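The values are calculated or read from the model by the stated rules, or taken from the named source; none is laboratory data. Remember, it's a predicted structure, so these values are computed and weren't measured experimentally. When we count neighbours, we look across all protein chains shown, and the Cβ atoms used for this are built from the backbone with ideal geometry, even at glycine.
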Amino acid sequence: MKDRGAEKRSVRDILLHDETVFRDINVFDPDYVPENYRYRESQMEALAVCIRPALRNGRPVNAVVLGSCATGKTTAIKKIFEMVESTSENVICCYINCQLHTTRFGIFSQIYSRIFGHQPPETGVPFSRIYQSIMQYLAKENKALVVALDDVNYLFYSKNANKVLYDILRAHEVFDGVRTGVFAILSDIEFRYVLDKNVNSVFIPQEIVFPPYTREEIFNILRDRVRVGFYPGVIPDELIERITDHTVNTGDLRYGIDLLRVCGNLAEADASPEITRRHLEMAVKKTGPVTLMHTVKTLNEQEKEFLRSVMDAGDGDITAGALYKIFQGRTGASYSSFNRTMEKLEFLRLIDTRLTGKGVRGKSRIVILRFSLHELERCLNS
């Protein structure tokens, strides 16, 4: 009788084995910018038109870049910024992820780092000095600045959007000759940005819309990733078609790209030179919704505990009052902190709330999860 351990490769063999199905595994990373960027020519042209005045010593045109998740907005911005900086020294392009940087100081620290090559001191230096250093440099060197604020709706939630946009767009009123522009990227196309009058008067953006990819476009994009990321013959078109169907069902291109990566890893673990239907079936079970996973990863520990508190209540409806008791037991947080957390998670579309007349003192708020307990648990534990 064969030793069961001999039937499978050891963990050491899996880690050290030289053979691989991947030509370049980085192709399947979320931040990968493909060389062959397809189906967004008109949007790229619109972005180029917005930047073109800055290349000619003018002011860039502001833009709002609209589209649902995984429609190529971030990739388009990064591609156009690469093109600009490879052809001109007159424009500084700065991409900022507003899920990671939500404060005024955090945003301008990223701009400072992009210009000077290092972060400003976190303590002991007032914001005004950092801001002045940025604008004086732009004026002295006669360079324009274009700032892309990705997922700018997070700044609206933190109530920093108006101040950040004001600081960028009205800098020329204090620093002569400064030329600045903003590309505000919105993943939630139903979001309505509301700006103060003094910001609206200088923002006046051009709207650039990124529609969802068609099924044929998704298939071709996934096949392009396969061609660059895997060696020839690793995965047949039939399985790419199946992955395309899964991707269309979730509405998120990143899900399909992640399925390809997981399939490759599973094939390698089996010492298989090709990806099979079994590998795909296993990958589907392992891979959760990418958009949900990404959002949950941005939450702080208290916000995650809020979700766990809702999960503790099970599938039934739970009032905000009853939920607070569970949440307070987990965190010791005040009701105002609980309320702020609830508002943020509703803003991020992780939960819904609705009013009911069943409360002790009249109307009460019911908290409802937008995702299944299984999906949330997998994302929280990953």
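Residues are listed down the side, and each one gets a yes or a no for (1) under 30 Å from F219 (Cβ atoms); (2) surrounded by 15 or more Cβ atoms within 10 Å (Cβ to Cβ); (3) out of contact with any His (no Cβ under 6 Å at 6 or more places or on another chain):
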position: V65; (1), (2), (3): yes, yes, yes
position: I80; (1), (2), (3): yes, yes, yes
position: E85; (1), (2), (3): no, no, yes
position: I92; (1), (2), (3): no, yes, yes
position: F105; (1), (2), (3): no, yes, yes
position: G117; (1), (2), (3): no, no, yes
position: G124; (1), (2), (3): no, no, yes
position: K143; (1), (2), (3): no, yes, yes
position: L155; (1), (2), (3): no, yes, yes
Open item on the list: Tell me whether region 276-295 contains one or more residues that are under 17 Å from T71 (Cα atoms), under 28 Å from the mean Cα position of the chain (by Cα) and of a type in the set (S, T, Y).
Closed with: yes
Open item on the list: When you check A313 against the structure, is it modelled with pLDDT of 85 or more and among the aliphatic types (A, V, I, L, M), yes or no?
Closed with: no
TODO: Quick one: count up the residues across region 30-63 that are under 22 Å from D151 (Cβ atoms), surrounded by 13 or more Cβ atoms within 10 Å (Cβ to Cβ) and charged (D, E, K, R).
DONE: 1
Task: L260, sole failed condition from (1) within 25 Å of the chain's Cα centre (by Cα); (2) at pLDDT below 95 - done: (2)
TODO: Test each condition in (1) surrounded by fewer than 15 Cβ atoms within 10 Å (Cβ to Cβ); (2) part of a helix (DSSP H, G or I); (3) not hydrophobic (A, V, I, L, M, F, W, C) for N220 and report the one that comes out false.
DONE: (1)
Open item on the list: Restricting to region 354-382, and then to whatever is more than 25 Å from the chain's Cα centre (by Cα) and at pLDDT 75 or above, can you tell me which residue is farthest from T295 (Cα to Cα)?
Closed with: S364
Task: Failed criterion for L323 (all others in (1) surrounded by fewer than 16 Cβ atoms within 10 Å (Cβ to Cβ); (2) over 25 Å from the mean Cα position of the chain (by Cα); (3) in a helix (DSSP H, G or I) hold) - done: (1)
TODO: Tell me which of these L100 doesn't satisfy, since it passes every other one: (1) surrounded by 15 or more Cβ atoms within 10 Å (Cβ to Cβ); (2) over 15 Å from V49 (Cα atoms); (3) touching a residue at least 40 places away in the same chain (Cβ under 8 Å).
DONE: (1)
Task: First in region 367-381 and free of Cβ contacts under 8 Å to residues at least 24 places away in the same chain, second anywhere and in a loop (DSSP other than H, G, I, E, B), Cβ under 8 Å, 6 or more apart - done: R370/R349; R370/L350
Task: Hits in region 222-254 (condition: closer than 17 Å to M293 by Cα and either among the hydrophobic types (A, V, I, L, M, F, W, C) or in contact (Cβ under 8 Å) with a residue 60 or more places away in the chain (or both)) - done: G251, D252, L253, R254
Open item on the list: I need the full set of residues from region 327-350 which are in contact with a strand residue (DSSP E or B) (Cβ under 8 Å, 6 or more places away or on another chain) and surrounded by 17 or more Cβ atoms within 10 Å (Cβ to Cβ), in order please.
Closed with: M342, L345, L350
